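The values are calculated or read from the model by the stated rules, or taken from the named source; none is laboratory data. From a predicted model like this one, the values you see are computed outputs, not experimental measurements. Backbone-built Cβ (ideal geometry, glycine too); neighbour counts: all protein chains shown. Areas reflect the complete protein model, heavy atoms only, side chains present, ligands, DNA and RNA absent. Shrake-Rupley method; radii C 1.70, N 1.55, O 1.52, S 1.80 Å.
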Amino acid sequence: YLDALSAALFAGRLASGPGTRHVAEVVRRQPPPSTPRKVDALLEALAVLFTDGYAPAAPMSHRAVEAFAGGELSLDEALRFSWLAAATAASLWDDGCWDVLTRRHLETVRRTGALSALPLALHTRVVVQLFTGDLGTAVALVEETRSVTDATGSTLAPYGEVGLLALRGHEEQAEPLIQACLEDVVARGEGVGVNMAQWARAVLCNGLGRYGDAVVAAQEASTDPCELGPPKWALAELVEAGVRSAQPRTAQAALEQLSEMTRASGTDWALGVEASRRALLRDDAAAEALHREAIERLGRTRVRVELARAQLLYGEWLRR
């Protein structure tokens with residue numbers, strides 16, 4: 001069932017057959033195992049996520065992610081499912097477990113020589129480094145990914161490189177790669193790639209001041225916010241893009257969706273992002289308190305890029 005759910009997650013909106021909700025409904029109808037394992041807890045959390053929604057799934061998702069991050073994993077668990085636990089951690093804005101799980105996954109793949117799993121392990125680790133601000137390591141991992149892709153013939157889209165170029169604002173390189181990535185993943189029915197590529201485009205456009213384009217990309221990336229990873233980050237991009245493109249209703253609607261999940265998550269990363277974006281929609285004394293809350297909360301996390309962003313937004317507010 002977890003393999004089926006993983007496949008459905010990759011297909012996402014482009015699934016030609018049963019999607020994540022269908023698989024999740026089947027899982028919910030099965031009797032619980034007599035001796036639950038880590039993978040059973042993760043499966044249950046994801047099944048609840050795609051049937052009942054983010055808030056009901058959040059507590060059990062936290063427990064499942066913490067079990068994967070804090071306990072010993074069998075080789076099968078580490079190679080087959082730790083990436084899924086890591087994606088769940090990213091969706092919870094749990095930067096600590098996300099960091100641990102992606103690092104351990106990559107280490108296990110390298111140690112065991114599982115070359116077919118290496119591209120995915122590298123790409124997911126690159127994205128962590130983007131959020132933590134370690135761009136030097138991200139560059140090295142992207143270069144390694146290119147070599148591995150050439151050696152293995154992997155068809156996995158260059159998610160890590162797309163995110164890196166977008167974050168660095170390299171428009172001339174990023175735009176063609178994002179477009180090529182979109183065409184590739186659509187042709188292969190890989191809906192998760194649409195989310196990643198459109199989130200990267202939203203980051204790129206917000207960074208370059210192309211706020212109208214950022215709105216379009218972020219809306220496309222956040223079509224289904226329950227999907228793992230980028231759709232949630234895209235909502236944060238959509239709030240800023242909506243504010244800066246004079247589309248306050250769009251920004252407010254995105255904030256409402258975002259806050260439902262960040263409050264259910266409860267992490268400093270989640271609540272810091274919410275406070276930072278909520279401040280953009282306020283022009284009274286409450287805005288300063290929200291900016292300060294965002295900086296304080298994000299300062300306790302590993303997500304240094306988001307912290308720097310919150311500081312910049314606060315600086316803009318002070319200069320008004």
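For this structure, a couple of remarks:
- Rounded to whole Hz, the Karplus (6.51, -1.76, 1.60) HN-Hα couplings of region 285-298, x for glycine and proline: 5, 5, 4, 5, 4, 5, 4, 5, 4, 4, 5, 5, 5, 5
- Taking packing as the residue-averaged number of other Cβ atoms within 10 angstrom, the listed peptides 236-244, 49-57 run from highest to lowest as 236-244, 49-57.
- Expected-Rg normalisation [2.2 N^0.38 Å, Cα atoms] applied to region 58-176: 1.07
- Database remark: amide H of Gly229 closer than 5 angstrom to the amide H of Ser91 (H placed geometrically; neighbours at sequence offset of 5 or more, or on other chains; Pro and chain starts carry no H).
- Reduced Cα scattering model of the chain, Debye log10 I(q)/I(0), q = 0.07, 0.10 Å⁻¹: -0.26, -0.54
- Under the Debye formula (equal points on every Cα, no solvent term), log10 I(q)/I(0) of region 188-320 at q = 0.09 Å⁻¹: -0.23
- Accessible-area value, Leu9, 1.4 Å probe, nucleic acids and ligands omitted, Å²: 20
- Table column - 3J(HN,Hα) (Hz), region 146-153, Karplus curve with 6.51, -1.76, 1.60, x for Gly and Pro: 4, 5, 5, 4, 5, 6, 9, x
- Extending 7 Å from the Cα toward the beta-carbon at both Glu256 and Gln173 defines two label points whose distance is 4.1 nm.
- Degrees separating the helix 75-91 axis from the principal Cα axis of the chain, which is the longest one: 20
- Sulfur and carbon atoms: percent of accessible area, region 173-320 [1.4 Å]: 50
- Overall dimensions of region 1-72, expressed as equivalent-ellipsoid semi-axes from the Cα gyration tensor (√(5λ), whole Å, largest first), are 21, 13, 12.
- The chain: relative contact order as a whole-number percent, Cα under 8 Å and 6+ apart: 15
- Mean residue ellipticity (222 nm) of the chain, computed from DSSP H runs ≥ 4 via -39,500 (n - 2.57), nearest 500: -25500 deg cm²/dmol
- Nearest-ten-degree value, helix 95-112 long axis tilted from longest Cα axis of the chain: 40
- With protein chains left intact and a 1.4 Å probe, residues in the chain average 42 Å² of accessible area per residue.
- Couplings 3J(HN,Hα) of region 117-127, computed from phi: 8, 5, x, 5, 4, 5, 4, 5, 5, 4, 4 Hz, in residue order, whole Hz [Karplus 6.51 cos²θ - 1.76 cosθ + 1.60, θ = phi - 60°; x for Gly and Pro].
- Enclosing the Cα atoms of region 153-206 in their convex hull gives a volume equal to 65 cubic angstrom per residue.
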